[in-house]
Amino acid sequence: MTELRYPSMIIMGVQGSGKSTIGAALAERLNITFIDGDDLHPVANKEKMRDGHPLTDEDRVPWLKVIGETIAEGRREGRITIVACSALKRWYRELLRSSEPDLVFVHLAGEKGLIADRLAHRDHEYMPTTLLDSQIDTLEPLADHERGIVISVEQTPAAIVDEVTRILIARASGRPVEPGEGATLTGAIDLPGR
């Protein structure tokens, strides 16, 4: 099975949900490209977050466009890409999909207490834990029409990667698939271009 049988993906969720960890592990499992969306932020955005200020929509739009264009460029060059990106609002996701219509979102969902506990045990270059509340307030869950997988972060990273992989392999083979415990599907996840 070649990498082109999978859709490009955004691993989404609030800070501390494990986007980079899951994105990198899933990309390695599927033998596709991983990019941490944080690396694509302009310096001004990083400095703003480092100072404890949430980004505005105006701050995010150029960043989201770069992510979408990076994914689309990879597709044109024959690569499938996974990007870790919060993608908190529905219109952010629509903006990303305007560059890559077959994009699938993997939402790492969890309770605030669990994520806050995880954040207390990590040190991020420019994302202070004080931004968690604003991210939770901003988050709009995947709608029924959005192509995605919602999966609980109460599971281990390995279990999350196993479940997402199982779903993607089944869909890439054209088989129906029921999500396992702690996961739900939204929209239709099919082969790219279908």
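The values are calculated or read from the model by the stated rules, or taken from the named source; none is laboratory data. Bear in mind that the values here come from a model prediction, so they are computed numbers and not experimental data. Glycine also receives a Cβ, built like all others from the backbone with ideal geometry; neighbour counts cover every protein chain displayed. Quick note on the areas: whole protein, heavy atoms, side chains included, nothing else; ligands and nucleic acids left out. Shrake-Rupley method; radii C 1.70, N 1.55, O 1.52, S 1.80 Å.
Against the list (1) open to solvent by 20 Å² or more (accessible area, probe 1.4 Å); (2) in contact with a His (Cβ under 7 Å, 6 or more places away or on another chain), the condition His145 fails is (2). When Leu64 is tested against (1) within 24 Å of Ile169 (Cβ to Cβ); (2) free of Cβ contacts under 8 Å to residues at least 40 places away in the same chain, only condition (1) is not met. Scanning segment 20-33 for residues that are open to solvent by 60 Å² or more (accessible area, probe 1.4 Å) and outside any helix (DSSP H, G or I) gives a single hit, Asn31. Annotation: of all residues in segment 74-96 being part of a helix (DSSP H, G or I) and at pLDDT below 95, the one that is surrounded by the fewest Cβ atoms within 10 Å (Cβ to Cβ) is Arg76. Checked against the criterion of being open to solvent by 40 Å² or more (accessible area, probe 1.4 Å), of a type outside the set (Phe, Trp, Tyr) and under 17 Å from Met12 (Cα atoms), the candidates Asp117, Asp39 yield just one match: Asp39. Of all residues in segment 97-114, exactly one satisfies the criterion of being surrounded by fewer than 20 Cβ atoms within 10 Å (Cβ to Cβ) and touching a Gly at 6+ places or on another chain (Cβ under 6 Å), namely Ser99. Take Ala158 and tell me if it is within 17 Å of the chain's Cα centre (by Cα) and in a loop (DSSP other than H, G, I, E, B). The answer is no for Ala158.
Across segment 163-187, which residue is nearest to the chain's Cα centre (by Cα) among those that are crowded, with 16+ Cβ neighbours inside 10 Å and among the charged types (D, E, K, R)? Only one residue tops the list, namely Glu163. Exactly one residue among Asp102, Asp39, Asp57, Asp51 is modelled with pLDDT under 95, closer than 23 Å to Glu163 by Cα and acidic (Asp, Glu), and that residue is Asp102.
Any residue at all in segment 39-48 that's touching a residue at least 24 places away in the same chain (Cβ under 8 Å) and out of contact with any helix residue (DSSP H, G or I) (no Cβ under 9 Å at 6 or more places or on another chain)? Within segment 39-48, one or more residues are touching a residue at least 24 places away in the same chain (Cβ under 8 Å) and out of contact with any helix residue (DSSP H, G or I) (no Cβ under 9 Å at 6 or more places or on another chain).
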